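Colleague: Got a structure here, written out as structure tokens. Questions coming.
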Amino acid sequence: MYKPHYQITDKIVNHLTEIAVAREIVEKARLVPKWEISLRRDALIHSAHSSTHIEGNSLTLEEVSQLALGREISAIRKDKQEVLNYLQVLSNLEKYIPKEKFAIQLILQINENLVKKTLNRAEDKGVFRNRQVVVGFKDSEGRTVITFQPPRTKDVPKLVQSFLDWLNESGTQLMNPILTAGIAHYEMVRIHPFVDGNGRTARTLATLLLLMQKFDAKRFFALDDYYDSDRMAYYAALKSVDPKTINITKWMEYFCEGVAFSVNRVKEKVLAISGSKKVTASLEQVALTKRQMQIVETISRTGKITSKEMQAMFKVTPQAVHKEMKKLMKIKVVKLIGKGRGAYYELL
């Protein structure tokens, strides 16, 4: 069975401590829903841009933002589809949480959803590769630089299954989620089980593991940004692993550093939003239901929402909508504008 080979170094410990302190500030902050929506959308857009950009996607952050809003942009069809796929997968990440344990079919499904409508050969999506590939990237002059040679094609299924067996172990589930995510990220890239989308699949799996273990329950952290900020460092960290010993200590140091970077960036945003140098837990937090979050997200995106729109959205009666909005007005999340048929709700 697969077993990760690495050491817990001072660097890793320091990063984990730094992450814990910053994350506590973020988790304890009292943020009104419109700020939470803003932070969540910012993380989604940055993740989609960075994770696809690492692999050569040409879309800018602004273009990704426009796509996330459902707007049309002028760009290469494949590049647009890659970003739309990633946005779709991250937006619905909860549906990939396994009911019991991780299975190969789940990994295949994630890959299929990430690469659909982007491959030259549609039959390559969501299936293990049937030919040998290499791991590399394009340099500034467009030349392919090979990072390493993945395992033999015939070994892929058993390698993935062995890794998933480890991931499903009770001991693994008790590990620090950052370490688990870092190991999963590397091992999926090392095996390189697909013809295309291996990096995106690996980063999606790492993000999923962090969500499952409640590390990023609010979905504020865009971990891919760090990798894209210095792609050469990202590939160098992957290449630092000796193919014979597969000791991933250096990679784990790099991964933890990236998580620390992302969490600290959100922490600074939270401190700026709160107008304070310190965030305490003494202030009451605003907790919304899933339906209420959908309402707030819709208003944040469109500027307003009507009772009729919510009735259609949730397939409920006008009375049910009134009851829901009364709760949101009571906690000072929304306000009612106008009366009668022309009435609508805005965020406070």
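Colleague: Quick one: would you say N176 is in the same structural domain as K244 (by TED's automatic domain parsing), surrounded by fewer than 20 Cβ atoms within 10 Å (Cβ to Cβ) and in contact (Cβ under 8 Å) with a residue 24 or more places away in the chain?
Modeller: Spelling it out, N176 is indeed in the same structural domain as K244 (by TED's automatic domain parsing), surrounded by fewer than 20 Cβ atoms within 10 Å (Cβ to Cβ) and in contact (Cβ under 8 Å) with a residue 24 or more places away in the chain.
Colleague: Of the residues K218, K239, which single one is closer than 20 Å to A20 by Cβ, surrounded by fewer than 20 Cβ atoms within 10 Å (Cβ to Cβ) and in contact (Cβ under 8 Å) with a residue 40 or more places away in the chain?
Modeller: K218
Colleague: Tell me whether region 79-101 contains one or more residues that are in contact with a Lys or Arg (Cβ under 7 Å, 6 or more places away or on another chain), surrounded by 15 or more Cβ atoms within 10 Å (Cβ to Cβ), assigned by TED's automatic domain parsing to the domain that holds A43 and among the β-branched types (V, I, T).
Modeller: Among the residues of region 79-101, not one is in contact with a Lys or Arg (Cβ under 7 Å, 6 or more places away or on another chain), surrounded by 15 or more Cβ atoms within 10 Å (Cβ to Cβ), assigned by TED's automatic domain parsing to the domain that holds A43 and among the β-branched types (V, I, T), which makes the answer no.
Colleague: If you don't mind, another one. Search region 144-166 for residues that are within 15 Å of V189 (Cα to Cα) and pair each with any residue that is acidic (D, E) and not in a loop (DSSP other than H, G, I, E, B) when their beta-carbon atoms are under 8 Å apart and the residues are at least 6 apart or on different chains.
Modeller: F163/E187
Colleague: Give the residues of region 242-271 that are part of a helix (DSSP H, G or I), among the acidic types (D, E) and without any contact (Cβ under 8 Å) to a residue 24 or more places away in the chain, sorted by residue number.
Modeller: Of everything in region 242-271, just one residue is part of a helix (DSSP H, G or I), among the acidic types (D, E) and without any contact (Cβ under 8 Å) to a residue 24 or more places away in the chain, namely E268.
Colleague: Looking only at region 180-226, which residues are within 18 Å of E82 (Cα to Cα) and of a type in the set (S, T, Y)?
Modeller: Across region 180-226, the qualifying residues are T201, T204, T207.
Colleague: Just name the residue that is farthest from P4 (Cα to Cα) out of those in region 134-173 that are aliphatic (A, V, I, L, M) and either under 21 Å from the mean Cα position of the chain (by Cα) or outside the structural domain of P98 (by TED's automatic domain parsing) (or both).
Modeller: For region 134-173, the residue satisfying everything is L164.
Every residue, every condition in (1) crowded, with 22+ Cβ neighbours inside 10 Å; (2) closer than 20 Å to A48 by Cβ, yes or no:
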| position | (1), (2) |
| --- | --- |
| K125 | no, yes |
| V133 | no, no |
| R143 | no, no |
| K154 | no, no |
| T172 | no, no |
| H185 | yes, yes |
| M188 | yes, yes |
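Colleague: In addition: Within region 108-119, is even one residue in contact (Cβ under 8 Å) with a residue 24 or more places away in the chain and exposed (fewer than 11 other Cβ atoms within 10 Å of the Cβ)?
Modeller: No: region 108-119 contains no residue that is in contact (Cβ under 8 Å) with a residue 24 or more places away in the chain and exposed (fewer than 11 other Cβ atoms within 10 Å of the Cβ).
The values are calculated or read from the model by the stated rules, or taken from the named source; none is laboratory data. Worth saying up front: this structure is predicted, and the values here are computed from it rather than measured. Heads up, the Cβs are rebuilt from the backbone with ideal geometry, glycines too, and the neighbour counts pull from every protein chain shown.
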